[in-house]
1. Restricted to segment 90-117, and to residues that are in a loop (DSSP other than H, G, I, E, B) and touching a helix residue (DSSP H, G or I) at 6+ places or on another chain (Cβ under 7 Å), which residue is surrounded by the most Cβ atoms within 10 Å (Cβ to Cβ)?
2. Is it true that residue 80 is at pLDDT 95 or above, buried (at least 22 other Cβ atoms within 10 Å of the Cβ) and closer than 26 Å to residue 175 by Cβ?
3. I'd like to verify a number: residues in segment 70-82 that are under 22 Å from residue 158 (Cα atoms) and either in contact with a strand residue (DSSP E or B) (Cβ under 7 Å, 6 or more places away or on another chain) or in a helix (DSSP H, G or I) (or both), how many?
4. If you go through segment 148-155 one residue at a time, do you hit one that is more than 24 Å from residue 50 (Cβ to Cβ), out of contact with any helix residue (DSSP H, G or I) (no Cβ under 7 Å at 6 or more places or on another chain) and without any contact (Cβ under 8 Å) to a residue 60 or more places away in the chain?
């Protein structure tokens, strides 16, 4: 009797071991992935991702990060706000989150520029980055349709003035992204 139980136990252990080895060799189970920070500057990637994940991923984490971003924004801690909004956006790149992200990023970059003596070094790169971010806002809205008409008009105006700047290298009057950045014509 004892021998049969030992043999049965060995067979069960061996079967469990074989099953575990089979799972290990099968590779990871594919799961949905959050976006990267770089993806947030790729409008086509943002819209495609939202079509696949219209409700976003890791909703609790996204909401928490967004709330933290709002707290940092109210304290004008732009670096922390940009980080928090970015963490939210990689999980759910809604137009509103992306708008907060680009705004906080521009304010943070403007503070860095001011600490360096209001240099124009890097302005073109920063504005090109902002332009791509605003295009991602519109790409996200093309899927989710959550921006108000007023918000859409503002984002479109931001895209137009940044495009104008990158073409002429002249800061357009009333260009909101440059105001966030701390530069005026």
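1. Here is the first cut: in segment 90-117, the residues in a loop (DSSP other than H, G, I, E, B) are 92-94, 116-117.
Then drop every residue that is not touching a helix residue (DSSP H, G or I) at 6+ places or on another chain (Cβ under 7 Å), which leaves 92-94.
Values: 92: 27, 93: 30, 94: 21.
So, considering only residues that are in a loop (DSSP other than H, G, I, E, B) and touching a helix residue (DSSP H, G or I) at 6+ places or on another chain (Cβ under 7 Å), the one surrounded by the most Cβ atoms within 10 Å (Cβ to Cβ) is 93.
2. Numbers: at pLDDT 95 or above: yes; buried (at least 22 other Cβ atoms within 10 Å of the Cβ): no; closer than 26 Å to residue 175 by Cβ: yes.
So residue 80 fails the test.
3. Narrowing segment 70-82 to residues under 22 Å from residue 158 (Cα atoms): 70, 73, 76, 78-79, 81-82.
The next check asks that each one be either in contact with a strand residue (DSSP E or B) (Cβ under 7 Å, 6 or more places away or on another chain) or in a helix (DSSP H, G or I) (or both); those that pass are 70, 73, 78-79, 81-82.
Result for segment 70-82: 6.
4. Taking segment 148-155 first, the residues more than 24 Å from residue 50 (Cβ to Cβ) are none.
Within segment 148-155, none of the residues are more than 24 Å from residue 50 (Cβ to Cβ), out of contact with any helix residue (DSSP H, G or I) (no Cβ under 7 Å at 6 or more places or on another chain) and without any contact (Cβ under 8 Å) to a residue 60 or more places away in the chain.
The values are calculated or read from the model by the stated rules, or taken from the named source; none is laboratory data. Every value quoted in this text rests on a predicted model; they were computed, and no experiment measured them. Every residue, glycine as well, gets a Cβ built from its backbone with ideal geometry; the counts of neighbours run over all protein chains shown.
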